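Okay, structure first, notes after.
The values are calculated or read from the model by the stated rules, or taken from the named source; none is laboratory data. Owing to the predicted nature of the structure, the values given are computational and were not obtained by experimental measurement. In this analysis, Cβ positions are derived from the backbone assuming ideal geometry, glycine residues included, and neighbour counts consider all displayed protein chains.
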Amino acid sequence: MKSLKLGRVMPVVALSALLAFTAGCNPKVARVESDAVTDISGKWNDTDSRLVSREMIDDVLSRRWLVKFNRTHGKPPTVIVGTVRNLSHEHINTRTFINDLEKELINSGEVEFVASASERDEIRSERRDQDLNASESTRKAMGNETGADFMLKGTINTIVDAAGGSQARFYQIDLTLIDLESNRKVWVGQKKIKKTVEKSGWKL
């Protein structure tokens, strides 16, 4: 009789243990503000992208090249963001950084902005389609694009120094604004970030 009761109890205990284990494995999720600082791993993150882009765009727009261009041409310069190369040891989504740069430039109101190379290909395809299918009054003609005066491009580099359970991550972001007609560099900007993280069992 005791063995029968024990046989009934054991599956219940096993099921309870399994449920407790499964509940313990479920991740705990907390919703935070999108602009909250969330340094978890010490790696490049959305906060770095947002703050660096804001600071560097504020710097480039405060320099004399902008005043000189406005005085000479009587209009704001037209800018395009080119390639930002990730030369670091870690995966960095440079597309989000480029988007942050573009947003800061456009929202400043100090410059005009044109579509990127990939965006232009899609737009040109649409205009070709309009040539065949859109009415004359709504068709957008080829050859009327606005050419950029300057291109902003750059690199992201890192240096990692680790010993035992301590690690220092150094990021250097270099951006250059180039006159597309003359290839002159009219502005060079640099931002450095250093993070220290304490953790055991590093996996780089």
Quiz item: Within segment 136-156, is even one residue of a type in the set (A, V, I, L, M, F, W, C), touching a residue at least 12 places away in the same chain (Cβ under 8 Å) and over 30 Å from Ser62 (Cα atoms)?
Solution: yes
Self-check item: Among the candidates Trp187, Trp202, residue that is at pLDDT below 90 and among the aromatic types (Phe, Trp, Tyr)
Solution: Trp202
Practice problem: Check off (1) in a loop (DSSP other than H, G, I, E, B); (2) in contact with a helix residue (DSSP H, G or I) (Cβ under 9 Å, 6 or more places away or on another chain); (3) surrounded by 10 or more Cβ atoms within 10 Å (Cβ to Cβ) for His89 and give me the number that stays unchecked. | Solution: (2)
Self-check item: Odd one out for Ser125, checked against (1) under 30 Å from Trp187 (Cα atoms); (2) out of contact with any Ser or Thr (no Cβ under 6 Å at 6 or more places or on another chain)
Solution: (1)
Quiz prompt | Residue count for segment 89-113, restricted to those that are within 21 Å of Gln172 (Cα to Cα) and either small (Gly, Ala, Ser) or without any contact (Cβ under 8 Å) to a residue 24 or more places away in the chain (or both) | solution = 6
Quiz item: Name the residues in segment 175-194 that are surrounded by 17 or more Cβ atoms within 10 Å (Cβ to Cβ) and of a type outside the set (A, V, I, L, M, F, W, C), would you?
Solution: Thr176, Gly189, Lys191
Quiz item: Looking at segment 119-128, is at least one residue among the polar types (S, T, N, Q), more than 23 Å from the chain's Cα centre (by Cα) and not in a loop (DSSP other than H, G, I, E, B)?
Solution: yes
